[in-house]
Amino acid sequence: MPEFLGQNASGPETSAPGSGFRRAAAWRALASAALCALLLTGCSGTRQAAAPEASVTPPSPGEVKLDAVRAADSHAPGSPGSSGSPAACWSPLLGRLAADGVSGGRIDALFAQLGDAVSPDPMGRKVKELYTTKFLRPEPQPVPPGQKPKPPRPPMYPGVVTEENAAKCRAFLTGNARWFSLAESRYGVPREVAVSLLFVETRLGTALGKGNAFRNLAAMAASDSPDMVPGYIAALPGADGNLDWISLRMRQKSDWAYEELKALIRHADALDQDPLAMPGSIYGAVGICQFMPSNIPAYGVDGDGDGRVDLFSVGDAVFSLSNYLDRHGWRPGMRRDARYNVLKRYNNSAAYANTILALADKVAGRPAQSVQPAKPAPAKPAAQAKPAKAAATASTTR
């Protein structure tokens, strides 16, 4: 068609017998070509519009897919690469990152999307938690006459250890049998324990966190003084008289979040992924197995053999959590109380460890066993309470 049109466009008009017929035929051919082009364009557009549907196909049992979420986020307004500069509120944090060799256009583009104010919520929640549980921990009080004592804290997470959830775990094991089998052979962590840990952490990859690890860690790293979270400070009883303690803990948590933020940026760079498209926990844990970013280079394992550690991959998540438990003392055939202690290294909670062990028993079809009681917190000596707290180091609570 293009050759024909070019010839007619350059050819002279003729009055020879039959030229009118030839001109009419040429115009019919031109109209036919235009119609074909229009139809081809429409077909091409239909194929392009339908292509993303393949990426949002419901995953098979045990499979976790984030490609569709990442693709949607990467094309959202304000995604990395869009115009704009970071707001002035991020300048101190950006300067600190630059001094550590983390800078450039990509970093500026990421921070440009965080808005023109540092959210007080991540650090404010942490300050409230630390102040009420560490500083204002109430002394045990006798139960007033006529009142019932408060029930003890449950030894396990309510509603988790059920037959329905055990069935979900067994289906996940079936769908990912290769990774669990290989990881169990290498590290000695039973598959029913590994899958139960994944269920407790992220419901087998279906609850990866409502927030964004990058946003939360950046906000915490930029919030290092009480004036950054005024609403939260005002709601804490007696906070005005304890600002020294609060300031110390905020600086410690800010430094902790800064190191995790750097680790997250480097991890995202290694995967060539957008950290703003990574779901995460309230304090920055990522992946199906919920590692803090700084733990990824230390304990992450490329389980599926694709040359990178991506904790949103089932194979990598199973190998990485098993490696972590192995490195913290897990041994085949160890006693239940020893397993309990190793699981608390993953998350320092009695209910957490008990829930995983009980769910693992149900997954494996074993009878329920006794659980470890939570140890009550020791009473704090009044005369030594503040100095001890002021000297305390930052918690790395996930």
Inset, instruction - Show Arg186, Arg336 ordered by accessible area, largest first, where the area counts protein heavy atoms only and the probe is 1.4 Å. - result: Arg186, Arg336
Legend entry - Proximal charge balance of Asp304 [Cβ under 10 Å; K/R count +1, D/E count -1]: -2
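How much length would be gained if the chain were fully extended between Ala167 and Arg366, taking 0.36 nm per residue of separation minus their Cα-Cα distance, in nm to one decimal? Can you show the working numbers first?
Working: separation 199, 0.36 × 199 = 71.64 nm, distance 1.37 nm.
In short, 70.3 nm is gained.
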Legend entry - In order through region 120-126: 3J(HN,Hα) via Karplus (6.51 cos²θ - 1.76 cosθ + 1.60), integer Hz, x for Gly, Pro: x, 5, x, 6, x, 5, 5
Inset, instruction - Roll a 1.4 Å probe over the protein heavy atoms and report the accessible area of Glu163 in Å², nearest 10. - result: 100 Å²
Legend entry - Vicinal HN-Hα couplings computed from phi for region 161-178 (Karplus, 6.51 cos²θ - 1.76 cosθ + 1.60; Hz; Gly/Pro x): 8, 10, 5, 4, 5, 4, 5, 4, 5, 5, 5, 5, 4, 5, x, 10, 4, 4
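Report the convex hull volume per residue for region 157-272, counting only C-alpha atoms, in Å³.
Values: hull volume 20.5 nm³, N = 116.
Value for region 157-272: 177 Å³ per residue.
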Inset, instruction - Over region 235-347, average the accessible area per residue using a 1.4 Å probe and give it in Å², no decimals. - result: 36 Å²
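Residues of region 146-212: accessible area per residue at 1.4 Å, in Å²? Numbers along the way, then the final one.
Details: 3880 Å² over 67 residues.
Heavy-atom SASA per residue in region 146-212 reads 58 Å².
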Inset, instruction - Taking H placed 1.01 Å from N in the peptide plane, check which residues at least 5 places from Gly211 or on another chain put their amide H under 5 Å from its amide H. - result: Gly280
Legend entry - Whole-angstrom gap from region 114-193 to region 200-236, using each part's C-alpha centre: 17 Å
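Give the peptides 214-224, 248-258 in descending order of average Cβ contacts within 10 Å, highest first.
Working: 214-224: 25.4, 248-258: 20.0.
Highest to lowest by the protection proxy: 214-224, 248-258.
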Inset, instruction - Over 25 Å between C-alpha atoms is what I'm after, so list which of Lys134/Lys253; Lys126/Lys148; Lys134/Lys262; Lys150/Lys210; Lys210/Lys362 land there. - result: Lys126/Lys148; Lys134/Lys262; Lys150/Lys210; Lys210/Lys362
Inset, instruction - Using amide H atoms built 1.01 Å from N in the peptide plane, name the residues 5+ places from Phe291, or on other chains, whose amide H lies under 5 Å from its own. - result: Val286
Legend entry - For Cys89, solvent-accessible area (1.4 Å; no DNA, RNA or ligand), Å²: 50 Å²
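Of the accessible area of region 199-335, with the probe set at 1.4 angstrom, what percent is carbon plus sulfur? Mind showing how you got there, number by number?
Working: 2410 of 4980 Å².
Carbon and sulfur: 48 percent of the exposed surface of region 199-335.
The values are calculated or read from the model by the stated rules, or taken from the named source; none is laboratory data. In this text the structure is predicted, and so the values were computed from the model without any measurement. Every residue, glycine as well, gets a Cβ built from its backbone with ideal geometry; the counts of neighbours run over all protein chains shown. Protein only, heavy atoms only, side chains kept; ligands, DNA and RNA dropped before computing areas. Shrake-Rupley method; radii C 1.70, N 1.55, O 1.52, S 1.80 Å.
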